[in-house]
Each structure stands twice: as structure tokens, then as C-alpha cells.
1. Give me the number: length gained by fully extending T290 to L81, i.e. 0.36 nm times residue separation minus the C-alpha to C-alpha distance, one decimal in nm.
2. For the stretch 55-60, in order, what is each residue's ³J(HN,Hα) by Karplus, 6.51 cos²θ - 1.76 cosθ + 1.60 with θ = phi - 60°, in whole Hz (x at glycine and Pro)?
3. Could you sort R191, R75, R137, R186 by their accessible area in this structure, using a 1.4 Å probe and putting the largest first?
4. Please identify every one of the chymotrypsin sites (Phe, Trp or Tyr not before Pro) in the stretch 79-150 that sits in a loop by DSSP and has no more than 14 other beta carbons within 10 Å of its own beta carbon.
5. For a test of the definition: using alpha carbon positions, the gyration tensor, and the 1.5 limit on a/c, classify the stretch 59-140 as rounded, prolate or oblate.
6. Considering the zone a paramagnetic label at Y212 would reach in this model (a point 7 Å from Cα along the Cα-to-Cβ line), which residues of the stretch 21-45 have amide N under 11 Å from it?
7. Residue by residue through the stretch 198-214, which ³J(HN,Hα) values in whole Hz follow from phi under the Karplus form 6.51 cos²θ - 1.76 cosθ + 1.60 (θ = phi - 60°), with glycine and proline marked x?
8. Provide the per-residue ³J(HN,Hα) series for the stretch 133-146, in order, calculated from phi with Karplus coefficients 6.51, -1.76, 1.60 and θ = phi - 60°, each as a whole number of Hz, with x at glycine and proline positions.
Amino acid sequence: MTSKSLNSTLGYHFVAFLIVAIWGSTFVFTKMLLMAGLSPAQIFTLRFIIAYVLLLGYEFSLQSFNFSTLQFFCRSWRDELLMALLGLSGGALYFLTENAALIYTTATNTSLIVCSSPLFAMLLIALFYRQSEPLTRQKVTGSLMACAGMAVVVLNGHFVLHLSPLGDILAFGACLCWALYSLIMRNVTGRYSSLFITRKVFFYGVLTILPYYFIVPSDNWIFTPSILQFFHLSTLLNLLFLAVVASMLCFLAWNWVISKLGTVVATNWVYFNPITTIIFAWWLLNEQITPWFLLGTVLILLGMYLCDKNSRTF
């Protein structure tokens, strides 16, 4: 990659870094909402509803408050189905499997498995787009190096994994959900605006989570007493951060970054998620930065550079 082309993409990479940094900090706010009495499904549903309403209002204002000009459906039923799959894979199913995995397995196992999603996204994209985005030795080497660096950061020198089949399968399910989300996003990017795609993801994310409340009626978010916690100021502020910043702004920016960097290059930033989490823990909780963390960070950055070098943007 020439210095000119590198400089032209630095801004997009910086935005991707900010998004992942914010997503890496959300565990603090989610934990506080869980402690306030909300369930993982309730948190997801509320944050996506708020994000959808705000995004719809923003688009409405862009159309000079002319309701008739606002686009609600895709240009074909096939594209509408793809949007539904985006909401399911990157929304309801991803969050449910990831949160459920934390119940049955360790946070280390969950983080290690879920954050390997860029590797599977690269394989899926290469499988479906062999001509336009084939696997290359450099891309595979870079992805494996970044994945190894992520593992070093997560394990932090303690190379012991506690196997839990159910929890690990759920975590792997979340990993595949995000890889599938990346694959489908590769298909719709460029044909619809990032604003429209993001709004559809929120809509179908909420729609596809609704059957869960019939399967698990005890978690009914409308009638459960824990919904009263929503009216506490601290709970409301935490929820608004997750809805407005981590959901609406970050999903919108993420879909835009994918259209600029390409799916594989952008998704590789997920490897950086554990790094930002540890940095926040060091900053807010005074946890120690270890040499393993530094080694893993270097491997991730080198791997991402190899993946991005001479790559084409789609």
C-alpha cells in the first residue's frame, strides 16, 4: 500500500477504532443495568427500540418532515429478507447467544471465541465472493496473526481454558452470527444508504427478539417489576448511552466504515475489542498492563496491517 492510499484510509481506520473502543466499554454500562434488575434481553430490546425511534426521527427531519418521502421498505423482497437477516444475525440472535454464553462459560472463553469472528467472516466472504475478494496468503497470514494477538491479550499469560460445551457452543454461535452479519452487509452495502440499512437492522432486531418473550414469559419486559428501574436517572443515562452512542451512532458509523474499507478490513478491528476493554479496566479500575497485553497488541496491529496492505475496497 502506498503512503498516499494509506493516508486516504487513515480517517476510516480511526473511526473504526473509536467504534470498537466504545463497544469495548459497554460491558461497564451493561453490568450496571444488570445490577439494576434488567435482563440481557430487556437491555437489548430497550436500546434497539430507542435507537430505532431516534434514527427514524432523524431521517424524518432530513425529509423536511414529509412522511410520504420516507423509505420504509427495500426495492425488492429479496433485499427485505436480507435486512431481516441482518437484524437477526447482528441483533437479536447475536446478543442473546453472547449473553447466554456468559452464564454457562467463562468471560475469557466467551471473549476469545466471539472475537475470532473476523476470521470466520473472511472465510465466509471468500467462499461466496471467490472472484472479487479471494483468500490470499498475505490476508490469511495477517488474519491469523491478529487472531493470535487477540488470544494473547485475552488469555493474558494464563494459558488455561475451562471447557464448557454448552457455553462455548453459544459463544461460537455469537461468533458465527457476527460473521454472517458481515457477509450480508457486504451484499447490501453500496445499494442502500448506511442510514437506511442501520434503521432496518434496529427494526428487525426488535422484531426478531419478540418470539423470545413468548418462549421465556418470565422475562416479559413489559410487565416485569424490573422495568420500574428504567425510571431511575442512573439507569436511564446508562441505557441512553447504550442506545444512542453504542447502538445508533456506532452501528451507523460501522456500516459506513464497511462501505469505505471493505468488509474484511473493517471487521478485523473486532480483534481490537479486548484491547480497549483492558485499557478501560486499567484507566477506571487500576488493573495492571502486562507484557502479554503489549505483545498481543503488536501482533494485532501487524496482522491488521498485513490484511489491509494492497487490499481492495468494496
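1. Working it through step by step, the gained length comes to 70.6 nm.
2. 5, 5, x, 5, 5, 4
3. Correct descending sequence by accessible area is R137, R75, R191, R186.
4. Here no chymotrypsin sites (Phe, Trp or Tyr not before Pro) fit, given the DSSP loop and packing criteria.
5. The shape class here is oblate.
6. Once the point is set 7 Å along Cα→Cβ of Y212, 39-45 turn out to lie under 11 Å by backbone N, inside the stretch 21-45.
7. Ordered by residue, 3J(HN,Hα) equals 5, 4, 5, 4, 5, 4, 6, x, 5, 4, 7, 7, 4, x, 4, 6, 7 Hz.
8. 9, x, 6, 10, 4, 5, 5, 5, 4, x, 5, 5, 5, 5
The values are calculated or read from the model by the stated rules, or taken from the named source; none is laboratory data. Since this is a predicted model, take the numbers as computed values, not measurements. Here Cβ is always computed from backbone atoms with ideal geometry, including for glycine, and neighbour counts include all displayed protein chains. All accessible areas refer to the heavy atoms of the entire protein, side chains included, with ligands and DNA or RNA removed. Shrake-Rupley method; radii C 1.70, N 1.55, O 1.52, S 1.80 Å.
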